[in-house]
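Novice: Would you mind keeping the following structure in view while I ask a few things?
Quick note: the coordinates plus some simple rules give every number you see, no bench work behind them. Note that the structure is a prediction, hence the values are computed from the model and not measured. Cβ: placed from backbone, ideal geometry, glycine included. Neighbour counts: every protein chain shown.
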Amino acid sequence: MLHLSFKVLLFGLFSLFAVQTPGGEEQAWKAAMALKQKSADLVAAAALAKFNTDFPQSSHAISCRIEEGVCWFTLGRAAQVLHRMTPTAQERFDKAMSLFKSVTSDHASTPEASRASFMQGQVHLFAGQLELAEADYTAMLERFTMDKSYVGKTLLQRATVRRQLLRSKDAIADLRRWVKEIGAPADQLQKTNSDLARALLLDKQAPLYQAETWFSGDPAPLELQSGNVVALYFFATWCPNCSAELPFLLDLERRFAPKGVRFIGVVDHQQGQTPEVVRNYLTEKRIPFTVFQDGHATSTAYKVDTIPTLALIDRNGNLRLIEKPSMVADATLDMLVREGLEPAGK
């Protein structure tokens with residue numbers, strides 16, 4: 001039996017050399033899309049590029065550009081290291097962006113332009129270019145609303161970007177608009193209402209915490225952190241996503257602790273997290289920053305319902321962001337570090 005990846009390659013080669021016979025166009029399109037659905041993105045991108053060369057007048061031509069762009073976007077994300085850009089990731093993102101822009105510029109009145117504009121925002125978001133991402137999402141909502149299914153998606157993504165830009169009021173407006181105008185499906189409504197509840201905590205004094213046990217360093221109560229930027233990291237010893245994201249979090253701490261960001265970990269007692277279990281975990285994972293344990297009160301106060309989660313608190317003790325660590329851009333932390341340090345009027 002042929003190895004699966006070899007079969008996918010043969011399938012890809014077949015799609016690349018599909019002949020232009022009656023029915024060949026649909027055959028080539030289905031073959032290219034089948035590769036994409038199998039996550040064979042590199043071969044799929046080549047098959048889609050060849051399709052547009054062979055069938056430039058096809059009814060699939062515009063969608064083909066977008067699908068090829070999505071392949072390059074996916075490949076770009078796979079080439080990132082610790083959710084950050086590399087030269088290979090940048091090259092692939094650039095290919096994706098070129099394809100998406102070819103749709104929004106050359107086919108601006110088509111329904112496909114909605115998705116292309118949304119995907120431009122995605123490229124900029126995952127490249128850490130927050131201002132450009134917001135501009136793309138705004139353009140979609142103002143100019144490319146032909147495909148209504150992307151209005152809701154874009155509102156939610158723009159809210160995410162606006163939170164990272166530390167513009168909580170604008171993010172709240174987007175979330176409320178989504179609830180009012182979209183409001184479905186039920187699971188997304190529940191998630192959006194949770195995001196809204198957390199957003200309503202922002203730009204206010206961060207809730208104080210009452211630690212039961214301190215680990216890995218001196219106690220660091222929040223009321224004594226005035227003047228510091230605080231990154232409150234909610235995690236668990238039993239959480240596989242926390243372990244998977246830990247290298248990114250540790251790299252973030254390595255780069256931003258010297259700039260004055262104080263990282264503090266938070267765990268509770270769920271699933272057998274005794275103080276001994278926590279101590280062993282911190283030693284095993286070589287976590288260098290202070291960690292405390294409580295009975296879930298801090299998670300409740302910050303409305304944290306998934307882990308890992310990172311809460312960012314500014315030098316004045318105001319809560320500014322609650323987000324998955326992987327979605328926290330360097331630009332956001334840089335903004336918080338600069339606040340209060342720049343000369344007046346800057």
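Novice: If you filter segment 173-264 for GluC sites (Glu not before Pro), then keep DSSP loop positions with at most 14 other Cβ within 10 Å, what is left?
Specialist: Working: sites: GLU181, GLU212, GLU223, GLU245, GLU253; in loops: GLU212.
Counting only loop positions with at most 14 other Cβ atoms within 10 Å, the GluC sites (Glu not before Pro) in segment 173-264 are GLU212.
Novice: Which Cα, out of GLY272, LEU310, SER58, lies furthest along the positive dipole direction of the chain (beta carbon charges, K/R +1, D/E -1)?
Specialist: SER58
Novice: Sticking with this structure for a sec: Taking the chain as a Gaussian network, where each spring joins two C-alpha atoms under 10 Å apart, which residue of MET140, MET97, MET335 fluctuates the most?
Specialist: It is MET335.
Novice: Testing the spin-label approximation: label points 7 Å from Cα along Cα→Cβ at SER326 and GLU276. State their distance in nm.
Specialist: 3.4
Novice: Now a separate question. Dipole magnitude of segment 60-199 about its Cα centre, charges +1 at Lys/Arg Cβ and -1 at Asp/Glu Cβ only, in debye to the nearest 20? Before the final figure, lay out each step's value.
Specialist: Working: 20 positive and 16 negative charges, 97 e Å.
Here the size comes out at about 460 debye.
Novice: Could you work out [θ]222 nm for the chain from helices alone, using -39500 (n - 2.57) per DSSP H run of at least four and dividing by all its residues? Round to the nearest 500 deg cm²/dmol.
Specialist: Working: 14 runs with 195 residues, N = 346.
For the chain, the value works out to -18000 deg cm²/dmol.
Novice: Could you work out Rg/(2.2 N^0.38 Å) for segment 126-220, with Rg from alpha carbons only? Let's see the in-between values first.
Specialist: Details: Rg = 16.9 Å, N = 95, 2.2 N^0.38 = 12.4 Å.
With N residues counted in segment 126-220, Rg over 2.2 N^0.38 Å equals 1.36.
Novice: How long are the three semi-axes of the equivalent ellipsoid for segment 153-272, computed from the Cα gyration tensor as the root of 5 times each eigenvalue, in whole Å, largest first? Please list the in-between numbers first.
Specialist: Details: eigenvalues 177, 67, 45 Å².
Semi-axes from the Cα gyration tensor: 30, 18, 15 Å.
Novice: Would you work out which of PHE289, ALA331, LEU252 lies farthest towards the positive end of the dipole of the chain, given +1 charges on the beta-carbon of Lys and Arg and -1 on that of Asp and Glu, about the Cα centre?
Specialist: ALA331
Novice: Something else now. In nanometres, what is the gap between the two model label sites at ALA78 and HIS296, each 7 Å from Cα along Cα-to-Cβ?
Specialist: Placing both labels 7 Å along Cα→Cβ, they lie 3.9 nm apart.
Novice: Let me ask something additional. For the pairs LYS50/LYS101; LYS191/LYS285; LYS36/LYS324; LYS30/LYS101; LYS191/LYS259; LYS50/LYS95, note any where the Cα-Cα span goes beyond 22 Å. Before the final figure, lay out the partial values.
Specialist: Working: LYS50/LYS101 19 Å; LYS191/LYS285 31 Å; LYS36/LYS324 28 Å; LYS30/LYS101 24 Å; LYS191/LYS259 34 Å; LYS50/LYS95 15 Å.
Violating the 22 Å limit, Cα to Cα: LYS191/LYS285; LYS36/LYS324; LYS30/LYS101; LYS191/LYS259.
Novice: Sticking with this structure for a sec: Under 8 Å for C-alpha pairs, at least 6 residues apart: give me the relative contact order for segment 147-215, rounded to a whole percent. Walk me through the intermediate numbers first.
Specialist: Values: 40 pairs, mean separation 19.0, N = 69.
Contact order relative to length: 28 percent.
Novice: Next question. Quick one: 3J(HN,Hα) in Hz for segment 257-270, Karplus 6.51/-1.76/1.60 with θ = phi - 60°, rounded, Gly and Pro as x.
Specialist: Running phi through 6.51 cos²θ - 1.76 cosθ + 1.60 with θ = phi - 60° gives 4, x, 8, x, 8, 9, 8, 9, x, 10, 10, 10, 9, 4 Hz.
Novice: Still on this model: Under a 10 Å cutoff between Cα atoms, tell me which one of TRP72, TRP29, TRP178 has the largest fluctuation in the Gaussian network model of the chain.
Specialist: In the Gaussian network model the winner is TRP29.
Novice: Consider the candidate values (1) 23.3, 75; (2) 26.2, 84; (3) 20.1, 62; state which one is Rg and Dmax of the Cα atoms in Å computed from the structure displayed.
Specialist: Structure-derived value, by its label: (1).
Novice: Same structure, new question: Hey, what did the chain get for relative contact order, percent, Cα under 8 Å, at least 6 apart?
Specialist: 13
Novice: Put one equal scatterer on each alpha carbon of segment 34-116, apply the Debye formula with no solvent term, and list log10 I(q)/I(0) at q = 0.15, 0.18, 0.20, 0.27 1/Å to two decimals.
Specialist: -0.53, -0.74, -0.88, -1.27
Novice: Could you run the Debye sum over the Cα atoms of segment 205-338, one equal point scatterer each and no solvent, and tell me log10 of I(q)/I(0) at q = 0.14, 0.17 Å⁻¹, two decimals?
Specialist: These q points yield log10 I(q)/I(0) values of -0.56, -0.86.
Novice: If the elastic network links every pair of Cα atoms under 10 Å, which of PHE55, PHE118, PHE263 fluctuates the most in the Gaussian network model of the chain?
Specialist: Judging by the Gaussian network model, the answer is PHE55.
Novice: How far, in degrees from 0 to 90, does helix 168-181 lean away from the longest principal axis of the Cα atoms of the chain, to the nearest 10?
Specialist: Roughly 50 degrees between the two axes.
Novice: Just going by the charge dipole of segment 60-199, with Lys and Arg at +1 and Asp and Glu at -1 on Cβ, which of GLY121, GLN190, ALA133 is farthest out on the positive end?
Specialist: It is GLN190.
Novice: Quick one: Debye curve from the alpha-carbon atoms of segment 81-129 only, equal weights, vacuum; give me log10 I(q)/I(0) at q = 0.20 Å⁻¹ to two decimals.
Specialist: With no solvent term, the Cα-only Debye profile gives -0.64.
Novice: Which percent of Cα pairs goes in each bin when the distances of segment 60-199 are cut into 10 angstrom slices starting at zero?
Specialist: Whole-percent P(r) values from 0 Å outward: 13, 38, 35, 13, 0.
Novice: Can you list residues from other chains, or at least 5 along the same chain, whose modelled amide H is less than 5 Å from the amide H of LEU321?
Specialist: Close amide H contacts, sequence-distant or interchain: LEU312.
Novice: Okay, next question. Could you name the aspartates and glutamates whose alpha carbon sits less than 15 Å from that of LYS169, not counting residues in the same chain fewer than 8 places away?
Specialist: By straight Cα distance, LYS169 reaches GLU134, ASP195, ASP203.
Novice: Hey, another quick one. Count charges around GLU253 for me, please; just the other residues with Cβ under 14 Å from its Cβ, Lys/Arg as +1, Asp/Glu as -1. Present the calculation step by step, with values, prior to reporting the outcome.
Specialist: Working: positive: ARG254, ARG255, LYS259, ARG262, LYS285, ARG286; negative: GLU245, ASP251, ASP330.
Net charge around GLU253: +3.
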